[in-house]
1. From the list ARG153, ARG182, ARG162, which one is within 19 Å of LYS79 (Cβ to Cβ) and either modelled with pLDDT of 95 or more or touching a Gly at 6+ places or on another chain (Cβ under 8 Å) (or both)?
2. Tell me which residues, restricted to region 95-108, are under 17 Å from SER75 (Cβ atoms) and part of a loop (DSSP other than H, G, I, E, B).
3. Considering only residues of region 217-250 that are open to solvent by 60 Å² or more (accessible area, probe 1.4 Å) and either under 18 Å from the mean Cα position of the chain (by Cα) or of a type in the set (A, V, I, L, M) (or both), which is farthest from VAL55 (Cα to Cα)?
4. In region 44-65, which residues are assigned to a helix (DSSP H, G or I) and over 14 Å from GLN191 (Cβ atoms)?
5. Out of (1) part of a helix (DSSP H, G or I); (2) modelled with pLDDT under 95; (3) open to solvent by less than 30 Å² (accessible area, probe 1.4 Å), what's the single condition that is false for LEU68?
6. Out of PRO266, PRO294, PRO288, I need the residue that is farther than 30 Å from PRO227 by Cβ and open to solvent by 20 Å² or more (accessible area, probe 1.4 Å). Which one?
7. List the residue pairs whose Cβ atoms are under 7 Å apart, where the first residue sits in region 243-259 and is in contact (Cβ under 8 Å) with a residue 60 or more places away in the chain, the second is assigned to a loop (DSSP other than H, G, I, E, B) and open to solvent by 60 Å² or more (accessible area, probe 1.4 Å), and the two are 6 or more positions apart or on different chains.
8. When region 185-208 is examined, which residues are found to be outside any helix (DSSP H, G or I) and open to solvent by less than 70 Å² (accessible area, probe 1.4 Å)?
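The values are calculated or read from the model by the stated rules, or taken from the named source; none is laboratory data. These numbers come from a predicted model, not from an experiment. Note that each Cβ is placed from the backbone with ideal geometry, even for glycine, and that neighbours are counted across all protein chains shown. Quick note on the areas: whole protein, heavy atoms, side chains included, nothing else; ligands and nucleic acids left out. Shrake-Rupley method; radii C 1.70, N 1.55, O 1.52, S 1.80 Å.
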Amino acid sequence: MQFPRHIRDWCPGKRRSSIRFGAVTAGAAWLCAVAAGIGVAAADAPFYANTFEKVPSAAALTDIGRALFFDESLSASGKMACASCHDPARAFGPPDDSPVQRGGSDGRRLGMRAVPSLMYAQNVPPFTEHYFDDEGDDGIDQGPAGGRTWDGRVQSAHDQARLPLLSPFEMANASADAVVARVQRAAYAAQFRETFGDQVFDDKALAFKAVLMALETFQQSPAEFYPYSSKYDAWLRHETSLSGEEMRGLAAFNDPAKGNCARCHPSAVRNGAFPQFTDFGYAAVGAPRNPGVPANSDRRYYDLGLCGPLRTDLADRKEYCGLFRTPSLRNAAARRVYFHNGVFHRLADVVRFYAERDTQPQKWYPRGPGGITMKFDDLPAQYRGNLDTQPPFDRVPGAAPALSEADIKDIVAFLNTLTDGYELQAPARGAAPPNPASN
């Protein structure tokens, strides 16, 4: 049985000289499972090989995944589902303005980082320390890229699903077997058997794999996780126009001498694909320390992103300390906390911080003894050479910021056009068609 090349090339485990950020269809995990499972014994099969009694359909996997995602009984406390932290009403991001969320076996243990959105993650590539862009200058090593979570330690959607199920400060299950036991008691247990086979619960490892595959497939549902239904997408389709404020914001966003945002959050259509507003790379922007994160009550504690503490395999790579993965800006306006530590609660403050981090640091960092501004207070001095210094981070205290207040307002207006769920309005009579090619 031969599968289309784009499916075979996407399936994890393929060796490639570089990473392509192509879109993934909702049934891709299932297709990979069937493709990989042909002629493979269950004991030796990779994750995507079909080792179930039945070959589950993409629709059945999605339905089971949805049930799992919203099931609070899957947690040790019985009070926490995936959706508790990844709220569909907030673009599958944090449900409120708390910098971290509560979980654990008693539902009271606080996390260590702000919750990332699960949207537009359908083509996040696996983590690599050496990314070469095969659609641009493939001779330039662009450094670390890819992976899921803020530090890229998770390689796939099913690995990401495993993480909270077993994390002691999230859903806090003692083991994979404990998760399976909860699924076996769930109201959808019969549906689970119908999807994977009557004997699926006889092999706990196989049943846990089924849980992860279903969650992964659900999170590839286009209508829910990557609908491309924002006003900006409608503009790219020539279906609407952006306002003057929004167009000015887009221009400032793209301008290397102003926001320079598109350097890490590409905004243009590329090879026919709509932008993800992330390059999947890593940066140290020097976000202020957030006293609202409980772990920060210990002044000796620092969240250093790629080099720890949650990620451990790169602990000796000092050049990575302070770097966090660049998030997508799609649906950014739906969030109430920003950066890995949730230190900001308003989109305007995030943009303003970028403009004034170096020109007016006293506005963003606390004062220490003698009234001295403690700039970069959440990054030890020995790692400050890792900080991003490209525009707009290329100025000195007292200099004019790269962005004016008007620019900031315009950029925020533009970022609001990235919120999904835009409803098309009737075009104004005689209005000129939009021109996305100019972006």
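1. ARG182
2. Just the residues of region 95-108 that are under 17 Å from SER75 (Cβ atoms), to begin with: 95, 100-108.
Once the filter is applied, which keeps residues that are under 17 Å from SER75 (Cβ atoms) and part of a loop (DSSP other than H, G, I, E, B), region 95-108 yields PRO95, VAL100, GLN101, GLY104, SER105, ASP106, GLY107, ARG108.
3. Applying the filter and picking the extreme gives MET247.
4. ASP44, ALA58
5. (2)
6. PRO294
7. Listed pairs, sorted by first residue: ALA252/LYS258.
8. ALA186, TYR188, GLY197
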